[in-house]
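**Q** Supplied in structure tokens, the structure appears directly below.
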Amino acid sequence: MWTFLRRRTLTQWILVAMALGTLLGWAAPDVAATVRPLATVFLRMIKSIIVPLIFGTLVVGIAGHGDDLKRVGRLAFKAIVYFEVVTTLALAVGLVMVNLVRPGAGVPLHQPGAAASLPAPAGERPTLASVLEHIVPQSFFEAATQNEVLQIVFWAVLFALALSLVRGRSKDVLLGVCEAVAEVMFKFTGIVMRFAPIGVGAAIAFTVGTSGLDVLRRLGVLVLTLYGALVVFGVAVLLPVAWLAKVPLGRFLRAVKEPALIAFSTASSEAALPTAMEHMEAIGVPRRIVAFVMPTGYSFNLDGSTLYLAVASVFVAQAAGVTLSLSQQLLMMLTLMVASKGLAGVPRAAIVILSATLASFHLPVEAIGVLLGVDVLMDMARTSVNLVGNCLATVVMARWEGEYDVPANREGAHS
């Protein structure tokens with residue numbers, strides 16, 4: 001029995017915790033209300049990861065390629081343009097779907113006695129000018145203590161660009177420190193995620209205990225909205241991209257099948273990265289393109305995650321009864337697009353970005369507790385789309401560079 005329990009994956013434990021939390025909330029609402037601190041502790045641990053993880057991953061992702069910037073300058077420019085176009089389309093698909101379906105309508109977020117502690121949704125609304133001013137921090141340490149994601153990203157990018165211009169031991173030392181910080185934070189996140197079943201179970205128990213099972217019906221609509229949006233994105237964006245780039249779909253799908261299943265089952269892009277790189281090289285993408293585009297894509301081409309963030313953020317606004325104009329939604333999407341860079345490979349990292357963005361736009365961060373109940377189901381799907389999108393990007397870049405080649409003896413590779 002002990003061996004059986006130890007072999008269960010984190011995803012399986014989270015699914016079990018969801019079921020137990022639902023049962024507890026339905027059978028003993030009073031008891032379920034007392035376990036909320038467990039969910040709060042989990043949220044606080046997640047928030048504590050924000051600054052070191054964003055800083056470490058962004059600096060390594062940019063400055064780490066400094067020695068090769070001249071050689072891969074053209075490839076880098078093409079890749080970044082491609083990433084931004086595709087992620088913008090992902091945000092657009094998510095925005096259209098969530099406004100059409102409106103999964104947040106009727107989902108109660110405000111609990112008795114909690115409304116006073118929430119920022120007033122009707123307060124100051126961000127404008128383009130205020131967002132641009134807010135991006136630049138007066139002090140990195142002030143931004144870090146307040147978990148100001150946009151400011152951390154801005155400062156980290158400038159720091160990485162400056163570091164890429166430095167030569168010698170100073171650069172090696174600082175890059176090594178940032179790389180070590182990023183590596184440690186990946187492990188730190190893994191430790192925190194071991195607490196996820198307890199946090200998720202407590203969150204869903206509290207939600208069901210205070211709001212009833214109807215909230216799960218509405219959250220089911222949210223899950224279906226996300227899955228539907230991801231399918232639409234695949235058909236309306238990724239498929240035409242593959243067609244325009246003359247990607248051999250059959251060969252590509254056979255090669256991406258195994259890493260996509262790994263990404264789906266583990267909800268971690270990082271877990272699937274080695275296999276994905278190997279398979280893309282096996283179907284004819286040059287190693288230098290795979291080595292640059294794939295890791296860079298995990299910082300700048302999170303198609304599934306950006307689409308999820310669009311759906312989840314507007315879902316929270318709908319559930320909170322806050323009407324966002326088109327311009328306000330576009331500002332939020334711009335914030336999410338910038339803030340989401342550099343958090344690949346971390347299971348459920350989108351929750352980190354979402355919580356910070358909700359606070360910035362005066363929306364109830366407590367809504368994260370509601371989303372946690374079904375986040376594992378959504379994370380598996382969005383992580384798989386991230387993986388497929390980045391694999392496709394390597395083939396597209398190889399085609400764009402005129403270097404895509406399929407050796408005859410590899411035609412059937414990974415079929």
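**Q** Whole-Hz Karplus ³J(HN,Hα) for region 43-55, in order, using 6.51 cos²θ - 1.76 cosθ + 1.60 and θ = phi - 60°, x for Gly and Pro?
**A** Karplus values, whole Hz, x for Gly and Pro: 4, 5, 5, 4, 5, 5, 7, 3, 5, x, 5, 5, 4.
**Q** How many nm separate the modelled label positions at Glu183 and Ser139, each set 7 Å beyond the Cα in the direction of the Cβ?
**A** 3.3 nm
**Q** Would you list Asp30, Asp405 from fewest to most Cβ contacts within 10 Å?
**A** Asp30, Asp405
**Q** Let me ask another. Can you put Thr88, Thr357 in order, fewest other beta carbons within 10 Å first? Mind showing how you got there, number by number?
**A** Working: Thr88 14, Thr357 23.
In order of increasing Cβ crowding within 10 Å: Thr88, Thr357.
**Q** OK, next. Which order do Lys246, Lys257 fall in if you start with the one that has the fewest other Cβ atoms within 10 Å?
**A** So the residues, fewest neighbours to most, are Lys246, Lys257.
No lab work stands behind these numbers, since they all come straight from the coordinates. This structure is a prediction, so every number in the text was calculated from the model and none was measured. Don't worry about glycine lacking a Cβ; one is built from the backbone with ideal geometry, like all the others, and counts go over all protein chains shown.
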